[in-house]
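> Sharing a structure with you now.
The values are calculated or read from the model by the stated rules, or taken from the named source; none is laboratory data. In this text the structure is predicted, and so the values were computed from the model without any measurement. Cβ placement follows ideal geometry from the backbone for every residue including glycine, while neighbour counts extend to all protein chains displayed.
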Amino acid sequence: MAHSIAEIAKALNAEAFGATDIIVDGASEPASAGPRDLALAMSPAYGEKLAEGQARAAVVWPGADWEALGLEAAIIAPRARLAMARLTQMLDTPWDIEDGIHATAITDGAQIGEGVAIGPYSIVGKGAKIGAGSRIAAHVVIAPGAVIGEGSVILDGAKIMRRVSIGARAVIHPNAVIGSDGFSWVSADVSNVERARATMGEAEANIPDDPSWHRIHSLGGVEIGDDCEIGVGSTIDAGTIRATKIGNGCKIDNGCHLGHNVTMGDHCLMAGHAAVAGSTVIGDRVVLGGQTGVGDNLKIGDDVVTSAGTIVLANVPSGRVMMGYPATTMTQQVDMYKALRRLPRFLRDKVGSSKSGFNSKPE
Amino acid sequence: MAHSIAEIAKALNAEAFGATDIIVDGASEPASAGPRDLALAMSPAYGEKLAEGQARAAVVWPGADWEALGLEAAIIAPRARLAMARLTQMLDTPWDIEDGIHATAITDGAQIGEGVAIGPYSIVGKGAKIGAGSRIAAHVVIAPGAVIGEGSVILDGAKIMRRVSIGARAVIHPNAVIGSDGFSWVSADVSNVERARATMGEAEANIPDDPSWHRIHSLGGVEIGDDCEIGVGSTIDAGTIRATKIGNGCKIDNGCHLGHNVTMGDHCLMAGHAAVAGSTVIGDRVVLGGQTGVGDNLKIGDDVVTSAGTIVLANVPSGRVMMGYPATTMTQQVDMYKALRRLPRFLRDKVGSSKSGFNSKPE
Amino acid sequence: MAHSIAEIAKALNAEAFGATDIIVDGASEPASAGPRDLALAMSPAYGEKLAEGQARAAVVWPGADWEALGLEAAIIAPRARLAMARLTQMLDTPWDIEDGIHATAITDGAQIGEGVAIGPYSIVGKGAKIGAGSRIAAHVVIAPGAVIGEGSVILDGAKIMRRVSIGARAVIHPNAVIGSDGFSWVSADVSNVERARATMGEAEANIPDDPSWHRIHSLGGVEIGDDCEIGVGSTIDAGTIRATKIGNGCKIDNGCHLGHNVTMGDHCLMAGHAAVAGSTVIGDRVVLGGQTGVGDNLKIGDDVVTSAGTIVLANVPSGRVMMGYPATTMTQQVDMYKALRRLPRFLRDKVGSSKSGFNSKPE
């Protein structure tokens, strides 16, 4: 991965200064950089640390006096994180998946495209199609009939269940499971959940004659567009009679969940542990913060952003920034929160001390 | 999976009308239905879409004028979702698990019942018992001595650890882990967690002489009743000196967690990412919404329902519908929430603008 | 596992009374104890149940009249849970991992220490080092170049990715994934997330010309100290240009997540489903309650404790006990919560009934 400063600057669409023929083969924080590392000093705070390390060259912020920082060469990047994307891509090495189909892989009856790699103990079912150039690591299961697009990477232990179609250039991280059964149950009579929803919790609970739950099977599978990533251990359940759908360019972090029949648009992000319940429709370019929960059967517009931990229990129009439980706009949440912080003193001044306890035991 | 409309109606306990000898082999939403699909148009909104598709027959709502909707045959289902359960069961195909024990499966010393299927690379330990007719997919691990009841399905990558007993007709979804170690740690001296709990956060933190955590081992295993499902990647930890217990007919979604020593009654539902901490007792027919958290050592009565995202930190009597953090009844939560929404304007009117910031930095 | 009462008392650093030569081979709750079980009756409530079982010996609370409880022998333990740790360790059996390297394990080019056990279908990559005495169960993947310290246990289906180093005496539970890619994405232009953060949600959403997300690769790997446990299905993402770091003696429960570049000190605990976002620094002896979320780029001091479900969105000084969303000190949260419970009646008395609805639809 050795590159000259000039080469890197060109790849980053950035300007290079000084001894641009210096060769580096890694990136490092300024303080720990060795002489063959490109230091990343994209703000003055990091610039100060250059003296603690041995970097000869660094990526610095616009306007930095790189010579005064003791550097022999510098790259100036106007948008630091974008430069990071290109730079880390250049310096990375490919996934550890050996070429060819490992002797222990089971692929009878599958359609394996040109140049596909399949690792040890992986299984590709009858009639499954693996697009050209895709790389499948170890212990992967791809069910009969599933389709993987060209140039995709399926990492160790991922399971692609039946009735699933994934587009080109996907990255499916370890232990992700796509096309699992939807969680959809119905009782013979109207259940307490249905009653609670219909009455906002006012209905008396009922002890049913027949408490058993009947499974609604998932016949609809999952369709995922191109250029998507699904994080470690994330799950995308199959739809009931039509596919659960994810558009193009969506990136889903570890431990996320999309319920049955969910439709997600293009270029969405879901951070760690976020979850969307069944049949909800998510627009384009939506960003769900970590641990966000979105209820079932809702409509979330385009370009919505949620803060970490937001619990969305109602439809959200396009373009809103949401926060809280239940979610409101961030602006309204901040307003309510500021008021709540003032409330204890206000009530003490107005009414005197409280007798209500903390435990949320219903009265 | 081809069935006549008459056959389907009979299976659904529903009435059929018109050309009930029409054969269908799939179900579809009205707009996308082909001529061999049974359209599902269980409300007028869906009925309107029938004209966009090619369905000759549909399941319609009670009172629908099916002939006016352009159908040749119709099934009228009084409880739509219950009909969905039966219908999707009829139209589904069995799991992709081949008959017999795959050559790569390791089953030495296990007791394998009649008609059991075991997929590639699965391992069944010494002394483990697999009930007749059970089907085990690929990459499954069943530890020595574990017991699986008759007619169960264990899907790819699931791990059934030692000291676990699962009843009949279970479905264990991919990568679920049952019987993992409880998370139970103790320090030599009273820890800051114990002090925080005892004083509701009033105690000063203490830097312990010996900060190391000693593991309380999990000797008690897990016992699961009949007709349970455990979702993808869900975990059920072993009890300490007695089993963690789940009753009959419980259905647990993806990414859920039951801690050590939990006791759960019959016919409970847990939606995605819900979690119950150690030693809590959950009654019968309890429904925990998605991302619900229930604290440790609590008692949750029968027929309790929680909203998505509820954090339960105290005991809950039977029949309550709970919401919020900390959880209260939904009624009380709505009352508090409505008041909180009015609070900012009220305080501005009464006291003037606030100076308190949003960031939750302790003062 | 047979031990005399005298032996057990010695191991627990506790005093024994009566017929201390009685042999037991298990532990049990008092009511279900057989004659060869040591009953655990560490409080009077449990003491009462001894009569329902057949225990001849029990661990009892300080001051208990063990003879009056019908026992022939007793152990008195001053700190009950610490005694449980030692006792359950004595009574436990080793993990079910057979000695030696299974014929189906793939270990070409790996450095395997003395006495290492490796189970069926596990894979250890080229140049990976496994410390002496470590035990690796089935279906484990250890990537090329990864390092596992001495005396560690890696359980079924765990994946140790490239650029990962784990210290001595680790326990990695089933399906945990360490060293997965960080979730780090950047758009060509300033995104709506960046704008929402910079303006606390006040900025108008913008439809970008180029909505695609560029991946920042994870070159930095993961370094984990000695004596750590990582729970079932938990994920620890690799750092960007330096390692994600976990100190010594940390215990992480099931379904947890540590983002890229996180630094965690020594002797921390994370309970089930807790998550820490990228680049956050966690001090020593921090305890995160179940489902706690900690935002990115924060500093959490030493000895911080969070309640279950806490969402931390700002820095936290050492020693705080935190709760709520957004997190405050528990003391402040209780104060606000008590006031909120009084608010609906207060407003009704002062202003009259509300017209604002419950649904959090932005206005």
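Residue-by-condition table, conditions (1) assigned to a helix (DSSP H, G or I); (2) among the aliphatic types (A, V, I, L, M); (3) under 30 Å from residue C:104 (Cα atoms):
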site	(1), (2), (3)
A:40	no, yes, no
A:48	yes, no, no
A:51	yes, yes, no
A:55	no, yes, no
A:82	yes, yes, no
A:99	no, no, yes
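> If you go through segment A:90-97 one residue at a time, do you hit one that is at pLDDT 95 or above and of a type in the set (A, V, I, L, M, F, W, C)?
The first filter runs over segment A:90-97 and keeps only residues at pLDDT 95 or above, leaving A:97.
Next, only the ones that are of a type in the set (A, V, I, L, M, F, W, C) stay: A:97.
So far as segment A:90-97 goes, yes, one or more of its residues are at pLDDT 95 or above and of a type in the set (A, V, I, L, M, F, W, C).
> List every residue pair whose Cβ atoms lie under 9 Å apart, where the two residues are 6 or more positions apart in sequence or sit on different chains, the first residue falls within segment A:25-49 and is at negative phi and of a type outside the set (Lys, Arg), and the second residue, located anywhere, is loosely packed, with under 15 Cβ neighbours inside 10 Å and assigned to a helix (DSSP H, G or I).
A:30/A:48; A:30/A:51; A:30/A:52; A:31/A:51; A:31/A:52; A:32/A:52; A:33/A:52; A:41/A:48
> Residues of segment B:135-154 being part of a strand (DSSP E or B) and in contact (Cβ under 8 Å) with a residue 40 or more places away in the chain, which ones?
The answer is B:135, B:153.
> Out of the residues in segment B:136-153 that are among the aliphatic types (A, V, I, L, M) and over 22 Å from residue C:95 (Cα atoms), which is surrounded by the fewest Cβ atoms within 10 Å (Cβ to Cβ)?
Among those residues, the one meeting the criterion is B:153.
> Here's a follow-up. Restricting to segment A:16-29, name every residue that is modelled with pLDDT under 95, among the acidic types (Asp, Glu) and either surrounded by 15 or more Cβ atoms within 10 Å (Cβ to Cβ) or closer than 17 Å to residue A:67 by Cα (or both).
Within segment A:16-29, A:29 is the sole residue that qualifies.
> Do you know which residues across segment B:270-294 are at the interface with another protein chain (Cβ under 8 Å from one of its Cβ atoms) and surrounded by fewer than 23 Cβ atoms within 10 Å (Cβ to Cβ)?
B:284
> Now for a separate question. Test of understanding: among C:227, C:302, which residue is within 14 Å of the chain's Cα centre (by Cα), more than 20 Å from residue A:289 (Cβ to Cβ), more than 7 Å from every other protein chain (Cβ to nearest Cβ) and surrounded by fewer than 24 Cβ atoms within 10 Å (Cβ to Cβ)?
Working: C:302 fails: within 14 Å of the chain's Cα centre (by Cα).
Testing whether each residue is within 14 Å of the chain's Cα centre (by Cα), more than 20 Å from residue A:289 (Cβ to Cβ), more than 7 Å from every other protein chain (Cβ to nearest Cβ) and surrounded by fewer than 24 Cβ atoms within 10 Å (Cβ to Cβ) leaves just C:227.
> Go through (1) facing chain B (nearest Cβ under 8 Å); (2) over 17 Å from the mean Cα position of the chain (by Cα); (3) over 17 Å from residue A:311 (Cβ atoms) and name the single condition residue C:313 misses.
Failed condition: (3).
> Also, I was wondering about something else. Condition test on residue B:132, is it assigned to a loop (DSSP other than H, G, I, E, B), hydrophobic (A, V, I, L, M, F, W, C), over 25 Å from residue A:177 (Cβ atoms) and not assigned by TED's automatic domain parsing to the domain that holds residue B:23?
The answer is yes for residue B:132.
> Could you look through segment A:241-255, keep only residues that are surrounded by 24 or more Cβ atoms within 10 Å (Cβ to Cβ) and under 17 Å from residue A:161 (Cβ atoms), and pick out the one that is modelled with the lowest pLDDT?
A:241
> Looking only at segment A:106-135, how many residues end up being under 14 Å from residue B:156 (Cα atoms) and surrounded by fewer than 24 Cβ atoms within 10 Å (Cβ to Cβ)?
1
> In segment C:263-279, which residues are over 17 Å from residue A:232 (Cα atoms) and part of a loop (DSSP other than H, G, I, E, B)?
Passing the criteria: C:265, C:266, C:267, C:268, C:271, C:279.
> Under 8 Å between Cβ atoms, which residue pairs at least 6 apart in sequence (or on different chains) link something in segment B:230-242 that is farther than 27 Å from residue A:256 by Cα with a partner that is β-branched (Val, Ile, Thr)?
From residues that are farther than 27 Å from residue A:256 by Cα, the pairs are B:239/B:222; B:240/B:216; B:240/C:88; B:241/C:88.
> Please work out which one of (1) more than 14 Å from chain C (Cβ to nearest Cβ); (2) buried (at least 24 other Cβ atoms within 10 Å of the Cβ); (3) in contact with a strand residue (DSSP E or B) (Cβ under 7 Å, 6 or more places away or on another chain); (4) not hydroxyl-bearing (Ser, Thr, Tyr) is the condition residue B:262 fails and give its number.
(1)
> Regarding residue B:103, is this residue surrounded by fewer than 16 Cβ atoms within 10 Å (Cβ to Cβ), of a type outside the set (D, E, K, R), part of a loop (DSSP other than H, G, I, E, B) and not assigned by TED's automatic domain parsing to the domain that holds residue B:46?
yes
> Of all residues in segment B:61-81, how many are within 14 Å of chain A (Cβ to nearest Cβ) and in contact (Cβ under 8 Å) with a residue 24 or more places away in the chain?
The qualifying residues number 3.
> Which residues, taken from segment B:161-214, are at the interface with chain C (Cβ under 8 Å from one of its Cβ atoms) and in a helix (DSSP H, G or I)?
If the condition is that a residue be at the interface with chain C (Cβ under 8 Å from one of its Cβ atoms) and in a helix (DSSP H, G or I), then B:192, B:193, B:196 are the ones that fit.
> Return yes or no: is residue B:207 buried (at least 20 other Cβ atoms within 10 Å of the Cβ) and over 30 Å from residue B:171 (Cβ atoms)?
In short, no.
> Here's another thing I want to ask about it. Taking segment A:209-230 as the search range and keeping residues that are out of contact with any strand residue (DSSP E or B) (no Cβ under 8 Å at 6 or more places or on another chain) and not small (Gly, Ala, Ser), which one is farthest from residue B:90 (Cα to Cα)?
A:227
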